[in-house]
1. Report the residue count in segment 199-244 for those that are on the phi > 0 side of the Ramachandran plot and in contact with a Ser or Thr (Cβ under 9 Å, 6 or more places away or on another chain).
2. So, in segment 331-363, how many residues would count as being part of a helix (DSSP H, G or I), within 21 Å of ASP197 (Cα to Cα) and aliphatic (A, V, I, L, M)?
3. Restricting to segment 345-363, name every residue that is farther than 23 Å from GLN298 by Cα and either surrounded by fewer than 24 Cβ atoms within 10 Å (Cβ to Cβ) or assigned by TED's automatic domain parsing to the domain that holds VAL229 (or both).
4. List pairs: first residue in segment 363-374 and under 14 Å from ALA351 (Cβ atoms), second residue of a type outside the set (Val, Ile, Thr) and not in a loop (DSSP other than H, G, I, E, B) anywhere in the structure, Cβ distance under 6 angstrom, at least six positions apart or on different chains.
5. Among THR107, THR101, THR80, which is of a type outside the set (A, V, I, L, M), assigned by TED's automatic domain parsing to the domain that holds VAL195, more than 20 Å from ILE194 (Cα to Cα) and surrounded by fewer than 14 Cβ atoms within 10 Å (Cβ to Cβ)?
6. Quick test of your reading of the structure: SER231 fulfils all but one of (1) more than 20 Å from the chain's Cα centre (by Cα); (2) over 26 Å from THR49 (Cβ atoms). Name the failing condition by number.
7. Quick one: count up the residues across segment 170-188 that are over 26 Å from the mean Cα position of the chain (by Cα) and not hydroxyl-bearing (Ser, Thr, Tyr).
8. Scan segment 373-429 residue by residue and report those that are closer than 30 Å to LEU178 by Cα and among the acidic types (Asp, Glu).
Amino acid sequence: MRWTIVRPLLLVALAATTQGTAQTPRELAARAVSAMGGEPAVRAVAAVTLSFHTATFALGQEETPASPARATLAYGRIVTDPRGNRQLFEQDVRQLNGTITRQRRITAGGIGMIETDGRPAPAAPAAVAAVERAMRFSPERLLLAALDNPSALSPLPAKEWRGSQSNGVRYAAGPDTLALYFDRWSSLLLVTEIVTDDPILGDRRTVTWFTRWQPAGAIQLPRQVDVEVNSRLQSHTVYTAATVGDPPADAFAIPDSIASRAQRGSAAAPPVVVQLVELAPGVWRAEGGSHHSLVIEQPQQLVVVEGPQTTARSRAVLDTLRGRFPNKRVGVVVNTHHHWDHSGGLRAYLAAGIPVVTHARNAAFVRQIAAATKTVAPDELSRTRREPTIQTVEDSLTIGSGESRVVLYRLPTVHVEGMLMAYVPKAQVLFASDVLTPGATLDRTGSAEMVAAARARGLTVGRFAGGHGGIPNWADVERAAQP
């Protein structure tokens, strides 16, 4: 009886010891491929078709900086041809307002097409490059690349993931540099970890979990993939079906009308070009790309409203302003709200010692941007650790005096808490981001919120300047606000 008790315990101990035995990085990758079905079977994969449903959490688009991210639900399928570096991605997305958006994306031959509700358009080069990179990061392609490039592998210390120790390997292949961690019991790939530079987070640590492995033809594939960014869940995907076989003949066809206009994928960021468009004497909108800023010239300084996107974009704005106003500095930058695409450029202003004005709700968030650790791409703020100068707004704040003053007001909106709008009395220009994005038509809900805010403050508005979109006359906004 004593032996029957001790023997299983001894076997468990021996198994644990065996799993923890030191192995070379290539051996770890080879064991993972073997656990997936063996190298011949994995290399023989012609195409993988996955049906999925997923929840994507809008990190950086929360109600407040401390609120949970909202989820968008989608379901669809992905057909990937690893040999031809091609992919078909189809999904139906349930938007936050309840509507269903049908999306289709094809990537093939170094170009791409994106189709939304039946309207096709060429994919941007950066989007094509992102899809191609994501394909390289699938478990089967990543592990085969590791086997084929042993010189790119180096050992990593074992690391605990969800309570269990996992063996680690570093795979360094230029931009495809990341850490791989293998489950000691199954030998399968459990986690990939990559650290990149981020304008808000500093070091952005992306962890991808591959779990619930199940057979798909001759190989095994993970049926659940979770992506975490700095320990926050960004997406949760469950694959409801997985098949391996030849792809459909027309799955990756891009019409000639789209292919003739498509640009080849490129991970290189295009140069940021900023243009000053005059709205009134002493008032400009700094335009370039999808996001814009408002610039007001005052006797002793320039006021910039909105520091969006990235450090590169902010540097382009500052360079443009130095060229236009060589003897006048930017004295303050206003942050309209905390959403990451509208605050990603603040660090460049902070590094230059420029004070930031933001709603009181967002002050701690701006301090976090200034304090973020940046080891991937250190900047001036990383070296100096300058304490940021932050001025907060509760209800309203006037910057400057006389005809060049600009007044900031709290803007009540369902879009986000802690939103500011900027009003230039002399020019009768009202600026706000996201609440209303003027295009061919004006959204009624956003127009109504802007009209209500202006009337509550007793503002006389001639034109509305959006952080996105065009610059309509205020009369058009008022008409659009009518029920």
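The values are calculated or read from the model by the stated rules, or taken from the named source; none is laboratory data. Just so it is clear, the model here is predicted, and its values are computed rather than measured. In this analysis, Cβ positions are derived from the backbone assuming ideal geometry, glycine residues included, and neighbour counts consider all displayed protein chains.
1. Total satisfying the criteria: 3.
2. Looking only at that region, the number is 4.
3. Passing the criteria: ALA360, ARG361, ALA363.
4. ILE369/LEU346; ILE369/ARG347; ALA370/LEU350; ALA372/GLY202; LYS374/GLY202; LYS374/SER382
5. THR101
6. Failed condition: (1).
7. 5
8. Selection gives ASP379, GLU380.
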